[in-house]
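Heads up: the structure comes next, in structure tokens.
Each value in this text was obtained by applying a stated rule to the coordinates, not by laboratory testing. Bear in mind that the values here come from a model prediction, so they are computed numbers and not experimental data. Counting neighbours? That spans all protein chains shown, and the Cβs are built from the backbone with ideal geometry, glycine included.
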Amino acid sequence: MTGETPTLLRYLVKQRHWQRPDTFIRQYENAAHALAELENDRKLRTATISERQVERWQAGRIKTRPHPDQCRVLEFMFGYSVDRLFAPVPPSGQIGPPDRPMWRKEAGSDQTPPAGLSPTPWPSTARTAHREAEPECGAQAMAWDGEIAMAAEESARFARRAGANNVGEGVLDQLDVDVRRLAVQYLTRPPYVLFGELARLQGEVFRLLDGRQRPEQTTRLYLVAGQVCVLLAHASADLGHPYAAEAHARTAWLCADYAQHNPLRAYVRWVQSNVAYWNGRYREAAEIAHSGQAYATSGTARLRLASQEARAHAALGDTRAVHQALGVASEAPDPVTDDEPGVFRFGPGKAAYYASEAHCALGDRSNLQRAVSQAEQALDLFTRGPDVDRCPEFVAAARLDLISAYLALGDLEATDEYLRPVLATPPEHRTAPVVQRVAAISQALAQPEHAGRPLAGDLREQISLFCAYPASRELPSAAT
């Protein structure tokens, strides 16, 4: 069994078009798995060979018989004994019948042998020699039995793969509960505290998506993944990390698309618009918010996106677009729904302070007076309304709208009255938007009409201390 000899194995491999090592290895592994099932031999289930081994076998360059298990698999694959497989093909080209039924017949393979070789077609002399061992009809029946068994095994293997499930309905229900809980807690707990838990939940959901589930379960997982990612985007923006926020938002959008969930799409568009807004990209913020209306299927989504679009247009000084967006917001249906817990809900209080911010940005006295009225309405809703609306950041934002309007109207005493509670906001709730707006108040106090007044100087000193301790200072290094 030495030298590069045209062996029976080489002939059969060529006949079946298995000359490529990767093709041969795949057929070998399939045969080994089938033999393992038939003979209940577990060690064969993962049996394989190297490309180098395949090349040696096909070239006939072997000095000894292969390993016993390899011999078993080869004989199962081809139906010939190993001694015959590695023996030269007879000069006559008469290879003779198999020693046993072949493992399977390759559908669509060319059964015509190469020139000069012709398998013996079970002539009467050969049939007589083999009659005691196995009649022709019996061999054919056994061959068909083997093929039928292999087809059944292939179906069974597919069923096992398809039936494998790494997530049950109980797990999905718990993930929904976790998202709802975190969305509610986002209104009262510092963002840096929730960030770590959100990141861990994100990793857990991503790992589940790497496994196998039923299609409808995969859809639910993508929805949860998108909700967690968009909360991470929200938290990243609040902690002053806009690029991280945009990365999370892009992933959230991808998940929302896979889940075909329009409410999540609308919320992602709001987050993306918000990030652009607080980074001074006002036109982009307005365009993103407007595009999100295509997915707004609830009153909350319509109100949120229209309010966001209004304040973005106000920053650009586009009065007509502001009033148009506020008109859309005023026509939005009642936003109260159980499907939008916590921070996913956009209530009348938030809409009021967004409108106040928009009117304040337009700047004329009439709009400033509207800004005061809207901010007072927002404060009343936040402080007297249900607990779900009592978010420290929301209350601070409404007060800052009121402060900005009073300061623009020249009322420094009212500015002082409403600014002091804001400056008492605990550091962990001093999100990037809150700090940014307080810093803008300091810049306004530095204008000539206020700069010479002692109260303005005192407030600026307090603002400087406030801005030195934002919520982002509390963020653990692992979450940055």
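A few comments on the model shown:
- With θ taken as phi - 60° and the Karplus curve 6.51 cos²θ - 1.76 cosθ + 1.60 applied, the whole-hertz 3J(HN,Hα) list for the stretch 253-263 is 5, 4, 5, 4, 5, 5, 7, 6, 10, 5, x Hz, x standing for glycine and proline.
- Its Cα centre serving as origin, the stretch 347-480 has a Cβ charge dipole (Lys and Arg +1, Asp and Glu -1) of approximately 200 debye.
- Global geometry of the stretch 347-480, whether rounded, prolate or oblate, following the gyration tensor of its Cα atoms and the 1.5 cut on a/c: oblate
- Length gained when the stretch Q19-T219 is fully extended (0.36 nm per residue, less Cα-Cα span): 67.7 nm
- Taking 0.36 nm per residue of sequence separation and removing the Cα-Cα distance, the E169/A440 pair yields an extension gain of 92.6 nm.
- Computed extension gain for F206 through L316, at 0.36 nm per residue and net of the alpha carbon distance, reaches 35.6 nm.
- E413-D380 FRET efficiency (beta carbon distance; Förster radius 25 Å; 0.05 resolution): 0.75
- As a calculated quantity, the FRET efficiency between R453 and V177 at R0 = 56 Å, using C-beta atoms, amounts to about 0.55.
- Comparing Cα centroids, the stretch 1-75 and the stretch 211-248 end up 48 angstrom apart.
- When only Cα pairs below 8 angstrom with a gap of at least 6 residues are kept, the stretch 347-480 shows a relative contact order of 20 percent.
- For the stretch 1-77, a/c is not less than 1.5, where a ≥ b ≥ c are the root eigenvalues of the C-alpha gyration tensor, and a/b tops b/c. That puts it in the prolate class.
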